Amino acid sequence: MAKKLTMILGLVFLVFLAGCQQQATPEDRLKEYIGHWNNGEFSEMYSVYLNQGSKEAYASEDFVERQQKLYEDLAIDNVEVTYTKPAEDAKWDTENPADFPVQVKMDTIAGPVEFEKNMTLLFEEQGETEDWFVEWDPSFIFEQLETGDEVRVSTTKSERGEILDRNEQPIAINGTGYNIGVVPESFTEASAKEDLAELLGISVANIDEQLGQSWVQENQFVPISKAAKNDTELLEKATAIPGVTYQETAMREYPYGEALGHLSGYIGPITAEKLEELKDQGYTSTDSIGRRGLEQTLEERLHGANGMKILIKKQGDNGEELTVAETPAENGETVILTIDAELQKSAYEAMEGEAGTSAAVDPETGETLALVSSPAYDPNEYMLGISESRFKELSEDPLTPLFNRFGAAYAPGSTIKPVTAAIGMEAGTLDPAEGLQIDGATWQKDGSWGDYRVTRLHPEAPNPIDLNKALVYSDNIYFARQALDIGSEAFVTGLENFGFGEEIPFALELQSSQISNEGTLGSEGQLADTSFGQGQMLTNILHLASMYEPFLTDGIMYKPLLFMEEEKGQVWKEGLLSAENAEILRTGMRNVVVDGYAQSANSTSVKIAGKTGTAELKGAIGEEGQENGFFVAYDSESPDFILAMMIESIEDNGGSDYVAGFAAKVFEEYKTE
């Protein structure tokens, strides 16, 4: 009996407490509702907080699913909803609505959105619950949105930035090209499809697919493929097929073609994998992206950002559109290079399609004026979508036009001898006026060298051999003996002072120049070989051109630059040799051309100075190796630029003088413009 009485009293007490509890205020309910709103918890907002009238007007899918989809499609984020607090003594009457100013802020795909509205709460009974409930309509999504309105996104495409040379000549620009296509009513000859497919490197099925599109009309132009503006041969062959014609269209253009191919690179359609990687950066499936060269390296600067606009299309006949948020398109940057495109073209053409590379630098500023890889591909061809047969042809070409040679490093041969001389003179071990007695075609220090001997090409050089004669006759024995006097440790340090063994401070990734595979010289024989650019020594062509700057600047080597925006004359290395020693080397390099074996560069119009070099690449045992020829040169009277050039496989073309002849053409053309 006592237990039963206790239970009854407990129930009475709970009922009493419930009656004493204070009813939630509309502000309490609004605060809870806004908390769910800021967290995007739409189901909770709908089921627990919306008033009956709102639920009758808007089904769950109109409230929950629609907002969830809009948040996803419009990339709505950082939602911040607040309200204006009522006066402290505010009284709430359940018979009257409670109004609160609500402030809404959010970020969207088209920029920030911000508005303020009054939100009304009504006291009503829902099931067994009596409480304050929110009165809602679509204007709480966006202020201008009403029932029946549509929300859509409009995109304004940005223009890709352009790449220009130092004189603002176009390297990669938004130019024009052509759509090659057909007019179906005229494209009826039986063999026409096969002829066009073969010419364009596509299948007949591909042509049929284009002609089978729903919009195609018999008398309308149907684009099939694209052609670069300068591909006149293709256009002529195409229009020779009955029913085939072409129309001009906007297109990325590379006016210098192969001459700047490896430097400019090209763009192509974005891949699905790349789109997934860059989807947060505004890329779409219809975008193009840099695939090679500067187009790829400068992608972030060139791409720009598309403009985005969120629009509300009002219901009704007039179809008025209101703008909710808008971010204007931001075009990519125009990037101006230090490259002189005409000089680069001259260098490329002078190399006559031979496999090799060349670079030109301004000795007073470090600006890169040319960076050539030969032979090359035409970026216009790649940008348009190269055919399988054409790609196979380029890939199997023994001259490897797809390989970027200016990014690689090669044994420099005798072009390194002025550097060796500079190190020796600065170390005090090489007296340029002192002659050495050198007899015969080969030499070794002593019997400890075993079978290894240093060989020189011109044993007829008259003794004694001083530095000037050693440069003119390119005497390997002289430089080997000087390197032994310098010593391995000091010689390695000297080469490191010229930038060997460190990353080349350049905008593009270039293979570093190396003293040896380990960065050290492990024997006297290796020291001797390295002194004249053999052994395991490798140099990058741009670095090699830069290494000749100290001979013209009295000891300063500048950081190689690629962009006009960069500060000119940034010192990379300094104190490499004195003005007196620099003058001695300048005199010697002029004599190399006048009295030595670079006679092809002994121009009557330009007084060229420089140093040739031949680097032998060892072949199989018993076989002659390939020889690469070098020439590094400048105009001794007006050194506007230093040109370093390398041609592969010159063993049957008269040695490095063959390269000197190519280089001379560049100087003569440049100086007579």
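Observations, loosely collected:
- Pairs beyond 26 Å (Cα-Cα), from 69/117; 611/671; 573/607; 345/568: 573/607
- With each label modelled as a point 7 angstrom along the Cα→C-beta vector, the residue 285-residue 591 pair spans 7.2 nm.
- The range 294-322 versus the range 422-460: alpha-carbon centroid distance in Å: 70
- Solvent-accessible surface of the chain, taken per residue with a 1.4 Å probe and all protein chains present: 47 Å².
- For the range 265-313, the square roots of the Cα gyration tensor eigenvalues, ordered a ≥ b ≥ c, give a/c of at least 1.5 with a/b greater than b/c, which places it in the prolate category.
- Here the range 527-570 is scanned for amide nitrogen atoms under 13 Å from the site 7 Å beyond the Cα of residue 427 along Cα-to-Cβ, giving 527-532.
- 222 nm mean residue ellipticity, helices alone, for the chain (DSSP H n ≥ 4; -39,500 (n - 2.57); rounded to 500): -8500 deg cm²/dmol
- Overall Cα dimensions of the range 153-277 - principal axes, largest extent first, Å: 51, 40, 25
- Protein accessible area in the range 59-105, 1.4 Å probe - carbon and sulfur %: 45
- Cα pair distances exceeding 16 angstrom across the range 361-411, given as percent: 56
- Here residue 496 and residue 82 are evaluated by their C-beta separation; at R0 = 60 Å the FRET efficiency comes out at 0.40.
- Length available on full extension from residue 124 to residue 604: 0.36 nm per residue minus the Cα-Cα distance, which gives 162.4 nm.
- Applying 1/(1 + (r/R0)^6) with r as the Cβ-Cβ distance of residue 198 and residue 321 and R0 = 60 angstrom yields a FRET efficiency of 0.80.
- Straight-line cross-link partners of residue 85 among the aspartates and glutamates, defined as a Cα under 12 Å from its Cα and at least 8 positions apart when in the same chain: 27, 28, 99.
- Spin-label pair residue 43/residue 183, simplified geometry with 7 Å Cα→Cβ offset, distance in nm: 6.1
- Each peptide in 606-615, 177-186 was scored by the mean count of other Cβ atoms within 10 Å over its residues; highest first, the order is 606-615, 177-186.
- Dividing the convex hull volume of the alpha-carbon atoms in the range 389-458 by its residue count gives 190 Å³ per residue.
- Between the range 575-595 and the range 188-224, the Cα center-to-center distance that results, in Å: 66
- Prolate/oblate/rounded label for the range 82-153 (Cα gyration tensor, a/c 1.5): oblate
- Cβ-Cβ FRET estimate between residue 220 and residue 167, R0 fixed at 41 Å, reported to 0.05: 0.45
- In plain terms, the chain from residue 449 to residue 239 could stretch by 68.5 nm, reckoned as 0.36 nm per residue minus the Cα-Cα distance.
- Helix 657-671 and the longest principal axis of the Cα set of the chain meet at an angle near 60°.
- The value of relative contact order for the range 404-501, using C-alpha pairs under 8 Å at least six residues apart, is 32 percent.
- Taking only Cα atoms of the range 408-529, radius of gyration then Dmax in Å: 15.0, 48
- Shown here: the chain, whose C-alpha atoms stretch 130, 82, 50 Å along the first, second and third principal axes, sorted largest to smallest.
- The Cα-based radius of gyration and maximum Cα-Cα distance (Dmax) for the range 284-376 are 22.8, 71 Å.
- Share of carbon and sulfur in the accessible heavy-atom surface of the range 325-472 [1.4 Å probe, %]: 50
- Rounded to 10°, Cα long-axis angle of helix 579-594 versus longest principal axis of the chain: 70
- Nitroxide proxy distance, nm - points 7 Å out along Cα→Cβ at residue 389 and residue 278: 3.2
- Stretch gain in nm, segment residue 250-residue 570, where the contour uses 0.36 nm per residue and the Cα spacing is subtracted: 111.2 nm
- Only protein atoms count toward the accessible area here, which uses a 1.4 Å probe; on the range 520-579, the carbon and sulfur part of that area reaches 46 percent.
- Helix 488-497 and the long axis of the chain differ in direction by around 50°, with both axes built from C-alpha atoms.
The values are calculated or read from the model by the stated rules, or taken from the named source; none is laboratory data. The shown structure was predicted, so the numbers you read here are calculated from the model rather than taken from an experiment. Cβ: placed from backbone, ideal geometry, glycine included. Neighbour counts: every protein chain shown. Each accessible area value is taken on the protein alone, full model and side chains, heavy atoms only, with ligands, DNA and RNA left out. Shrake-Rupley method; radii C 1.70, N 1.55, O 1.52, S 1.80 Å.
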